[in-house]
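First up is the structure itself, then whatever we jot down about it.
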Amino acid sequence: MQNFTYKNPTEILFGKGMIAEIATRVPKDVPVLMTYGGGSIKRNGVYNQVKAALQHHNVCEFEGIEVNPTYETCMKAVEVVKQNEIKYLLAVGGGSVIDGTKFIAAAAEYSGSDPWEILTTMGGCLKSAMPVGVVLTLPATGTESNSNSVISRKSTSEKLHFFSPHTHPTFAVLDPETTFSLPVKQVRNGIVDAFVHVMEQYMTYPADAPLQDRLAESILQTLIEVGPKTLANLTDYQARASFMWSATLALNNLINCGVPQDWSTHMIGHELTAFYGPDHAETLAVVLFGVWQHQLAQKEAKLRQYGERVWGVKTAQEAIDATEKFFLSLGMPTRLSHYKIDAAEAAARVHARFTERGSVFGERGDITPSATAAILRMRA
């Protein structure tokens with residue numbers, strides 16, 4: 001197990017009726033900007049709950065942060081922040097709204113010439129950001145209690161990420177009932193997204209970190225148990241609560257302490273979304289198994305451990321097959337052909353982009369642009 005520092009400043013407010021608690025967490029003496037996506041929070045009652053909690057606050061609103069939040073939309077929000085002298089941001093929605101709001105928080109205080117530099121430097125240029133609170137309505141990304149954000153730029157078909165301690169949410173409300181109205185597809189995506197988040201931090205090589213391994217495996221086992229229950233009954237509070245908490249723990253920087261990490265599936269998946277448009281989780285479900293097959297020799301020991309402990313199988317290949325079967329049982333496609341994406345074309349485009357950037361990925365830094373192309377060709 002390697003040396004590490006762990007810090008997570010986000011206060012979690014978990015359970016029924018906890019939106020009311022934001023009245024004492026959001027400052028009353030400064031203008032607040034409430035950010036959200038479309039009309040779903042108005043249809044499911046979350047909007048009214050938030051407005052009731054903040055009835056004595058000075059609140060402005062910014063609507064329209066899209067799935068895969070764009071730089072262009074976020075910069076419009078930055079103008080609203082400056083025009084209204086906003087001092088606090090409240091993100092109400094899923095991972096896209098939260099990621100977009102983190103970027104708004106950073107860009108609003110950025111003193112450089114081009115806020116896109118926040119993405120191209122992966123947050124390294126940030127010296128400050130506005131404070132952000134969260135009301136989560138879609139469990140999936142874990143962004144409600146970490147410092148990560150992913151932003152797309154329509155004009156260049158790019159999708160980049162950044163992270164900074166300055167963009168860690170101050171608090172996050174997790175009320176499972178606010179997620180009951182989600183469509184089945186979004187719930188399915190959330191289960192797979194959380195599952196792959198765990199895998200990026202776990203499926204590497206043995207690192208003498210038995211507790212970290214078992215923490216990761218327990219999240220995986222919980223998702224395998226409650227994921228199908230959640231899809232079968234969209235208002236099963238206990239199943240949804242367990243899923244929601246699992247998604248948070250999957251990416252709040254706890255299970256990655258002292259262990260190697262991969263993240264190649266995410267980096268390749270981001271490019272598929274940028275070029276072709278499938279949802280983030282949909283790209284992960286396609287790419288993951290290509291990464292595992294391509295890196296089978298390097299990951300075999302961990303795949304066998306995972307297979308034995310989580311699925312009760314003996315070989316690395318059986319572990320891969322069991323996981324893909326699980327994804328398919330959730331209704332999640334695992335091949336590029338489902339999205340009518342030509343694997344050879346995708347491989348060439350992603351290869352060119354990673355070559356241009358000089359990008360390499362994986363826990364050993366051995367997933368080169370050529371390797372990413374081979375991975376994508378496997379997923380035709």
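The values are calculated or read from the model by the stated rules, or taken from the named source; none is laboratory data. Note that the coordinates shown come from a computational prediction; the quantities given were computed from them, not determined experimentally. Glycine gets a Cβ as well: all are built from the backbone with ideal geometry, and neighbour counts include every protein chain shown.
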* Name the pairs: first residue in segment 246-270 and acidic (D, E), second residue not in a loop (DSSP other than H, G, I, E, B), Cβ to Cβ under 7 Å, at least 6 apart or on different chains? -> D262/E200
* To do: Using the structure shown, decide if I341 is under 15 Å from G290 (Cα atoms) and either of a type in the set (V, I, T) or not assigned by TED's automatic domain parsing to the domain that holds P206 (or both).
  => no
* Asked: Which condition number does T334 fail, the rest of (1) part of a loop (DSSP other than H, G, I, E, B); (2) more than 25 Å from the chain's Cα centre (by Cα); (3) touching a residue at least 12 places away in the same chain (Cβ under 8 Å) being met?
  -> (2)
* So which pairs qualify, if the first residue must be in segment 285-299 and more than 19 Å from Y339 (Cα to Cα) and without any contact (Cβ under 8 Å) to a residue 24 or more places away in the chain, the second must be not in a helix (DSSP H, G or I) and not aromatic (F, W, Y), the Cβ gap must be under 7 Å, and the two must be at least 6 apart or on different chains? -> none
* To do: Output the number of the condition that V198 fails; it satisfies all remaining conditions of (1) farther than 18 Å from E66 by Cα; (2) touching a residue at least 60 places away in the same chain (Cβ under 8 Å); (3) touching a Leu at 6+ places or on another chain (Cβ under 9 Å).
  => (2)
* Asked: In this structure, does T24 turn out to be within 17 Å of P169 (Cβ to Cβ) and of a type in the set (S, T, Y)?
  -> yes
* Segments classed as strands (runs of 3 or more DSSP E), wholly inside segment 1-79, with at least 3 members that are within 28 Å of A239 (Cα to Cα) and either touching a Phe, Trp or Tyr at 6+ places or on another chain (Cβ under 7 Å) or among the hydrophobic types (A, V, I, L, M, F, W, C) (or both) -> 11-14
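Conditions (1) surrounded by 19 or more Cβ atoms within 10 Å (Cβ to Cβ); (2) touching a Cys at 6+ places or on another chain (Cβ under 6 Å); (3) not hydrophobic (A, V, I, L, M, F, W, C), marked per residue:
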site	(1), (2), (3)
M267	yes, no, no
A285	yes, no, no
F289	yes, no, no
Q295	yes, no, yes
A316	yes, no, no
A322	no, no, no
F326	yes, no, no
M332	yes, no, no
L336	yes, no, no
* **strands (runs of 3 or more DSSP E) contained entirely in segment 123-176, each with at least 3 residues that are surrounded by 24 or more Cβ atoms within 10 Å (Cβ to Cβ), aliphatic (A, V, I, L, M) and not assigned by TED's automatic domain parsing to the domain that holds G190** => 132-136
* To do: Quick one: which residue in I19, I41, I86 is touching a Gly at 6+ places or on another chain (Cβ under 7 Å) and either crowded, with 19+ Cβ neighbours inside 10 Å or within 25 Å of S152 (Cβ to Cβ) (or both)?
  => I41
* Check segment 103-114 and report whether any residue there is outside any loop (DSSP other than H, G, I, E, B) and at pLDDT below 95. => no
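Yes/no per residue for (1) under 21 Å from G94 (Cβ atoms); (2) in a helix (DSSP H, G or I):
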| site | (1), (2) |
| --- | --- |
| L215 | no, yes |
| L231 | yes, yes |
| N256 | no, no |
| L272 | yes, yes |
| F289 | no, yes |
* Please indicate, with yes or no, whether at least one residue in segment 293-304 is under 26 Å from A209 (Cβ atoms) and either of a type in the set (G, A, S) or in the same structural domain as N68 (by TED's automatic domain parsing) (or both). => yes
* Matching option when the condition is under 24 Å from V259 (Cα atoms), among the charged types (D, E, K, R) and touching a helix residue (DSSP H, G or I) at 6+ places or on another chain (Cβ under 9 Å), among R357, R304 -> R304
* Do we have T222 as more than 17 Å from the chain's Cα centre (by Cα) and crowded, with 24+ Cβ neighbours inside 10 Å here? -> no
* To do: May I ask you to list pairs of residues, at least six apart or on different chains, whose Cβ atoms are under 8 Å apart, with the first in segment 216-240 being outside the structural domain of R188 (by TED's automatic domain parsing) and in contact (Cβ under 8 Å) with a residue 24 or more places away in the chain and the second being among the acidic types (D, E) and part of a helix (DSSP H, G or I)?
  => none
